[in-house]
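Before any comments, here is the structure.
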């Protein structure tokens, strides 16, 4: 799943149109913040990001965003589920505020 | 933090969806569940901090189950008393280490995650009457000035 050549810029231009240009910072190797409408648009695209729920399997079993995989933070370093291609966009989430 | 770990591991396109499940639900987006009924199962009543303190001092059937991660344990300390430490991310594989003849008091930071642990244990045939969780988690316990010990 490669995104850098064509797909990601296309998605971001789309997101820019939706968000009025208010895009997450794209500095290399930084963690970028993504909002709900941005994530929703991206998940509806043909080439989706790799979406990771960082809490437990027990919570993942109850509720999750469709298409997620569960990799608890404590097991991130040893997990074999992360994509082998380091260029793959990876989106992390947990319960959020509230 | 998971996203930070991914960057350290070499992932170049790392995003943090900080609104999380709460934000996703608030915007009325679809969620997936392997068992909707399980996720909405009735819970036992939570136990108040003061009541728990009293029970721990007088009732040997009460066992604390600390489901927090190590970072939280180091930051907030532990409630004194007989304790099983079982981080929530390991519950689905290691739950059988929990006794089924005691009253298990699940606690976390703010009682946001304990209900999921309770529902899981109910699904695994632990008795409804043998399960409860600390109301407000260790945050409420500390707010009431109750004692903690260092990790």
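Helix-only mean residue ellipticity at 222 nm, the protein assembly as shown, DSSP H runs n ≥ 4 weighted -39,500 (n - 2.57), per residue, nearest 500. What is it?
The helix-only estimate for the protein assembly as shown comes to -9000 deg cm²/dmol at 222 nm.
Let me have the relative contact order for region B:39-151, percent, based on Cα pairs under 8 Å that are six or more residues apart.
37
Across the protein assembly as shown, how large is the tail of the calculated P(r) beyond 35 Å, expressed as a percent of all Cα pairs?
24
From the C-alpha gyration tensor of region B:36-149, pull out the three semi-axes of the equivalent ellipsoid (sqrt of 5λ each), sorted largest to smallest, in whole Å.
Working: eigenvalues 85, 48, 37 Å².
So the equivalent ellipsoid measures 21, 15, 14 Å along its semi-axes.
Taking the Cα centre of each part, how many Å lie between region A:69-88 and region B:97-151?
29
Based on other C-beta atoms within 10 Å, arrange B:30, B:134, B:146 from fewest to most.
Placing the least packed residue first, the sequence is B:30, B:146, B:134.
Using only Cα positions of region B:8-83, each an equal point scatterer, no hydration layer, compute I(q)/I(0) via Debye at q = 0.17, 0.20 Å⁻¹ and quote the log10 values to two decimals.
Normalising to I(0) and taking log10 leaves -1.01, -1.06.
Given a Förster distance of 25 Å, report the FRET efficiency between residue B:40 and residue B:139 from their Cβ-Cβ distance, rounded to the nearest 0.05.
Efficiency at R0 = 25 Å is approximately 0.50.
So for A:34, B:106, fewest C-beta neighbours within 10 Å to most, what's the order?
Result, fewest neighbours first: A:34, B:106.
Could you identify which residue out of B:90, B:119, B:68 has the top mean-square fluctuation in a GNM of chain B using Cα springs shorter than 10 Å?
Per the Cα network of chain B with a 10 Å cutoff, B:90 tops the list.
Measure nothing fancy, just the Cα-based angle from helix B:49-58's long axis to the longest principal axis of chain B, in degrees from 0 to 90, nearest 10.
50
Within region B:1-25, which residues have the backbone N less than 20 Å from the label spot 7 Å out from residue A:46 along Cα→beta-carbon, could you tell me?
No residue qualifies, since no backbone N sits under 20 Å from the label point.
Counting only other chains, what is the mean number of Cβ atoms within 10 angstrom of the Cβ of each residue in peptide B:88-97?
The shielding value for this peptide is 4.
Readers should treat all values here as calculations from the given coordinates under stated rules, not as data from a laboratory. For clarity, every value in this text was computed on a predicted model and none was experimentally measured. Don't worry about glycine lacking a Cβ; one is built from the backbone with ideal geometry, like all the others, and counts go over all protein chains shown.
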